[in-house]
Every structure is written in C-alpha cells, then in structure tokens.
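K.L.:
I am attaching a structure below and will ask some questions about it afterwards.
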Amino acid sequence: MSSVVSRSWYRSPCFSLLSIPEIEQAELDLRNQEATIRANHNRLLPELDAFVSYNGSGLGGALRPTIVNILENDYPNLSYGISLNLPIRNRTAQADAARSLLEQRQKEMKLQSAKNQAVWDVSKAVSAVQQAKSQLDAALNLVALSRQVLDMQQQKFTLSSATVEDVITAQGNLATAEGNVVKARATYAKALIQYEQATGTLLDRNNIELSEAVAGEVHRAPNILGSPSPIN
C-alpha cells in the first residue's frame, strides 16, 4: 500500500478522474446553470417567425354543392407572412440573465472549493496512512525484539543467570508489544478507509455497487473484511 499512497499521488492526473460525490454534484450543478444561461440569453434575442396557411372553401348552392367545391379546390385560400419580435427594454429577461451569470460564478467557486477540499482531504489521508504504517512497522519490530529478549531471558534462566522476575518481565513486555500491534493494525485499517473515502474509491475497492443495493440484487460478493462468503 505504501507504493500507492504517496504524497505526490494526489497531484497526478488520475486524481481528477476519481468519482468524488461532492465534485460530481458541483459539476452537474454548473452544467445545469450553463443551460439556464443559454435559455435566458435566448430571451434577449430577436424572434423571427414565418407562417404559411392554406385551406380550401366551398360556396353553397343547388348547382355546385359545397363539398364539390372543396374537393375540386375551386376556392383556395392561401396566406403567409412573418412576425418579428424585438425584446426592447425587457427588464425581466435582462435581470434573469444577470442573475444566472452571477449564479454561474458562485457555482464555479463552489466547484473549485470542492476540488481544493478534495486535494486537502487526500493529502491528510495520505499522511495519516503513512504515519499509521510507520507505527505498525515500529510495533512489529518491537514485538520481534521483545520475543528475542524473552528467548534470551529464558535461556539465561535455564543457565541460572536470570531470575524468574526477569522472565516474567520479558513476557509482560512481549504481551504489551503484541497489544500495541493490534492497536496499530486497527489504526492503519482506519487510515486506509479514510483514504478510500477521501479519494472516492471506497465502494469500488470493496466491490460494492449502489445500483445493486437499490435493486436488492448482489451479483458479486462484497470484498469486506469479516463479511460472510457467498452461498453458491
């Protein structure tokens, strides 16, 4: 894990591709705002409409019934034209356009803030993982050293060069060191989880699909420590 979690990792191009919910939401809000800006801008543009209308009509009478006039197109009626709408002094549309631009700027700042926060969270998570890994390595080394001391004290006790108290003390030191390893492993595991939360990879790394959770169907076993094995 130490080869993956490094201080320079969060500056790499891969970091911008991570699925961080806050950034995804901010980007979606910004895209929606851009659509609103285009709609408000269109309201400020002139509108030119063209229309064409054609219909047939008939005259009633004994010799030429109305239905015959229509079928033979005796009296066609054709109309066409254009209409131009100039939005002069459209205060409402101008205010909406100005407000949408201001909201776009606010959403851009929110997106940048989310990115900065994500970089900061990943940086802290990376440091926490590295520190927890160093503490775990130190605890494991201390266990190995305590075990060597206990072996040495037991050998010395066999040769009558060490007392029972020396052996008991060495056993106690080894038990304490082993307890510290358990704590260090828990701290390291917690740091790894926080790192995956910060990078948005927690669900993927543990084979968890939200769509499957919503549908109530699991197609692959979650990769969660301590979870039961799937039943075939």
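K.L.:
Taking only the stretch 173-192 into account, find how many residues are touching a Lys or Arg at 6+ places or on another chain (Cβ under 7 Å) and closer than 12 Å to residue 138 by Cβ.
P.N.:
Adding up the residues that qualify gives 1.
K.L.:
Sticking with this structure for a sec: Is there any pair linking a residue in the stretch 127-141 that is over 10 Å from residue 189 (Cα atoms) to one that is not in a helix (DSSP H, G or I), with Cβ under 9 Å and at least six apart or on different chains, and which?
P.N.:
Pairs found: 127/7; 130/2; 130/5; 130/6; 130/7.
K.L.:
Hey, could you check the stretch 188-205 for residues that are hydroxyl-bearing (Ser, Thr, Tyr) and surrounded by 18 or more Cβ atoms within 10 Å (Cβ to Cβ) and say which is nearest to the chain's Cα centre (by Cα)?
P.N.:
199
K.L.:
Can you tell me which residue among 182, 164 is at pLDDT 75 or above, closer than 28 Å to residue 124 by Cα, surrounded by fewer than 11 Cβ atoms within 10 Å (Cβ to Cβ) and in the same structural domain as residue 124 (by TED's automatic domain parsing)?
P.N.:
The match here is 182.
So that you can scan it fast, the table gives a plain yes or no per residue for (1) modelled with pLDDT of 65 or more; (2) outside the structural domain of residue 125 (by TED's automatic domain parsing); (3) not in a helix (DSSP H, G or I):
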| position | (1), (2), (3) |
| --- | --- |
| 6 | no, yes, yes |
| 28 | yes, no, no |
| 34 | yes, no, no |
| 38 | yes, no, no |
| 51 | yes, yes, yes |
| 64 | no, yes, yes |
| 73 | no, yes, yes |
| 80 | yes, yes, yes |
| 97 | yes, no, no |
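K.L.:
Here is a follow-up. Working only within the stretch 125-146, note down all residues that are surrounded by 15 or more Cβ atoms within 10 Å (Cβ to Cβ) and among the charged types (D, E, K, R).
P.N.:
133 - this is the single residue of the stretch 125-146 that is surrounded by 15 or more Cβ atoms within 10 Å (Cβ to Cβ) and among the charged types (D, E, K, R).
K.L.:
Moving on to the next point. Residues that are within 30 Å of residue 184 (Cβ to Cβ) and either in a helix (DSSP H, G or I) or modelled with pLDDT under 75 (or both): does the stretch 108-117 have at least one?
P.N.:
yes
K.L.:
If I filter the stretch 151-183 down to residues being assigned to a helix (DSSP H, G or I) and more than 59 Å from the chain's Cα centre (by Cα), which single residue comes out as farthest from residue 133 (Cα to Cα)?
P.N.:
Looking at the filtered set, the residue picked out is 158.
The values are calculated or read from the model by the stated rules, or taken from the named source; none is laboratory data. All figures in this text were calculated on a predicted structure; none of them were measured in a lab. Glycine gets a Cβ as well: all are built from the backbone with ideal geometry, and neighbour counts include every protein chain shown.
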